[in-house]
Amino acid sequence: MQYLGIQPKRPKIAVFDFTGCEGCELQLANKEETLVDFLAAVEVVAFREVMTDAGDDYEIALIEGAISRADEEALLRQIRDRAGVVVALGTCACYGGVNRLKNTFDLGEANREVYGDKPKETSEVRAVGDVVEVDLAIPGCPVNKAEVERIVQHVVLDVAFSFPAYPVCVECKQRFNICLVDRGQLCLGPIVQAGCDAPCPTGGRGCWGCRGPARDANVPEYLSALKEKGFGEDEVRERLGFFGAFEGAVG
Amino acid sequence: MLFKTVSKDEFEKLVGIMLESNEVVAPTRVESDVHGDPIHEYLPVESFDEIDLNYETTAHSAKTYFLPYRENLSTYTFEAGDWGQEIGYRAMPRILLGLHACDINGLLKLDKVLARDVFPSPYYVSRRQNTFVVGIDHEPCDGGFCHAVGADTVTHGFDLFLTDLGETYLVEIKSSRGYSMLGQVKTQDVSDADTQAFKAVRHRITEQFTTDLDIQDLPNLLDMEFESEVWTKWGEKCLSCGSCAMSCPTCYCYGVEERASMDWKTGSKSKRLYACTIVDFAEVSGGRNFRPDRKTRLKYRFYHQHRGFVESYDEPKCVGCNRCGRACLVGIHPAEVIGDLQREERL
């Protein structure tokens, strides 16, 4: 199938899961109305969640999940050596995600809490980019399939794509939502990168920041505004730390 | 110009008639804010009871019914080496009921840019012509400064305009379709007593404006204060979140994007309203950004509202509704920013 007379590339891709819930992988298999075309645009050589075959000849590696064990780190390095393009898929891969909360505890204590007297080998949770070089990071908990499709189109046919520079507020306002902060709810919308189409605020739940800071996010100013509005420091810190996406963005 | 009075019962009947054959969009109470005060929006309604004409303001303006946040401009199909294009700007008739004078003035400003300038937008014109506008007088809203920018009264741009006289509405009829519409219910000629009551209402409304703002000579002042520290003070607060432009009744800046379908068989060109305070608003190919910092972007927002637009159209773009000030989570209120600039000049 050609587009504007040009034959799209059909790159070989492989999907790998590390520490995460596999929800982002599931997103890849969602959106049934375009799933067949999506899968036709690429050649999937490895994708444990949806197929049994597994090849190791791939150009693009999609990495889901954070890195939390030595063997994961070794496997990730191997993938990096093989793949031309490494993509961090989802918030865990991009930032460490919810898993990163573990880093605030003593590792041994965390291990005992979860595994009791059968401890497992574990290490600090890191984002994929903290371990190997990442060519493209697609944030989201989970990723937005429509956005992933557009990124794939960009890869196979150079269809223009860029992540929104604006924060969630733009998409939220465009969905005609009433501002949740005006209703007394904590929301990170003004400082979080859009592209999700604001599903959480639309559903009545403030933004938790899974997509990480927006470009040029004015974090200090928003935090002082939240304080002025009476939101507690602990509540705000917990919210910012939830996905590990604001480490370094908060002074 | 033609005036009639209509009883509130008859008016309710008229709304019933409107609802029978049109989509009716009207102020509706949707939420309460953190202080328990009502929040309204212009939303499609199905009965008169859903409408609250006694509303103060709405969170979003009615702009979206003329200039949607997202709009498909054209669709392409590719087949057998050939291609086709489909452009549609047919708009369904709609009645917009209960617009305040500032918002109708906002439409008149959009008309100047999108309907009467060098390149009229058929998409806008189609929606504008197919929308029947009913305005209504109201008490000044908190923080609004429509009177300062000359937008507290409106002389055209609507079909009917209501003034609440207690038991009745005084109705200003501005179009033949307005006349036909109103003709479907019982009306009375305006009596001397009605005229007196109307004047009293207008006087009461005018008396209640409290925002102290004078925009006379503001375009020149803005020129002189281009390097003012006032822009740093307010600009550094700005979240660059675009909420001001999204809630503004007259902001019309947009971006255009082309997309392809996943099966490569169709493509589309769509338009999306954008905001001048967003970091990449003035970014061009190669990554060069003409307005990389917040204070410059915020400044240019004010320059378009109160200087650039005045040069092009002899009036400010701002209608003083203060929706941007209400929407701003860090408290950037236009009247305060302008007031700061004026004080700066006096020093």
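Please treat every number below as a calculation from the coordinates, not as lab data. It should be emphasised that the depicted structure is a prediction, and the values quoted were computed from it without experimental measurement. Cβ: placed from backbone, ideal geometry, glycine included. Neighbour counts: every protein chain shown.
Overview of values
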read-out: Whole-angstrom gap from the range B:70-107 to the range B:247-286, using each part's C-alpha centre; value: 15 Å
read-out: Cα-Cα P(r), chain B, percent of pairs per 20 Å interval; value: 27, 54, 18, 1
read-out: Nitroxide proxy distance, nm - points 7 Å out along Cα→Cβ at A:Arg183 and B:Trp83; value: 4.3 nm
read-out: Anisotropy class of the range A:12-87 from Cα gyration tensor, a/c 1.5 cut; value: oblate
read-out: Chain B: relative contact order as a whole-number percent, Cα under 8 Å and 6+ apart; value: 21 percent
read-out: Projected-area average for the protein assembly as shown over all orientations - Cα convex hull basis, square nanometres; value: 32.3 nm²
read-out: Per-selection Rg to Rh, chain A - Cα, Kirkwood hydrodynamic radius; value: 0.99
read-out: Size-normalised alpha-carbon gyration radius of the range A:107-251, reference 2.2 N^0.38 Å; value: 1.22
read-out: Residue-by-residue Karplus 3J(HN,Hα) for the range B:107-123, coefficients 6.51, -1.76, 1.60, Hz, glycine and proline x; value: 5, 4, 6, 4, 4, 4, 7, 9, 10, 10, 8, 4, 10, x, 9, x, 5
read-out: Shielding of A:178-188 by partner chains, average beta-carbon count, 10 Å; value: 4
read-out: Three semi-axes of the equivalent ellipsoid, the range B:91-209, Cα gyration tensor, whole Å, largest first; value: 26, 20, 10
read-out: Long-range HN-HN contacts of B:Phe145 with modeled amide H, under 5 Å; value: B:Cys321, B:Asn322
read-out: Normalised per residue, the volume of the convex hull around the Cα set of the range B:218-346 (Å³); value: 134 Å³
read-out: Placed amide H near B:His100: partners under 5 Å, 5+ positions off or other chain; value: B:Ile136
read-out: Only Lys, Arg (+1) and Asp, Glu (-1) charged, at Cβ; the protein assembly as shown dipole about Cα centre in debye; value: 880 debye
read-out: Cα lying deepest toward the dipole's positive end in the protein assembly as shown, options B:Cys102, B:Ser175, B:Val45, charges on Cβ; value: B:Ser175
read-out: Shape of the range B:10-72, Cα gyration tensor, a/c cut at 1.5; value: oblate
read-out: Charge context of A:Ala165, other residues only, Cβ under 10 angstrom, K/R +1, D/E -1; value: -2
read-out: Shielding by partners - mean other protein chain Cβ count within 10 Å, residues of B:230-242; value: 5
read-out: Bins of 10 Å from zero: percent of alpha-carbon pairs in the range A:168-241; value: 21, 57, 22, 0
read-out: Shielding by partners, peptide B:253-264 (average Cβ within 10 angstrom, other chains); value: 5
read-out: Relative counts (whole %) of C-alpha pair distances in the range A:12-157, using bins that are 10 Å wide; value: 12, 41, 32, 12, 3, 0
read-out: Counting all C-alpha pairs of the range B:186-253, share separated by more than 20 Å (%); value: 66 percent
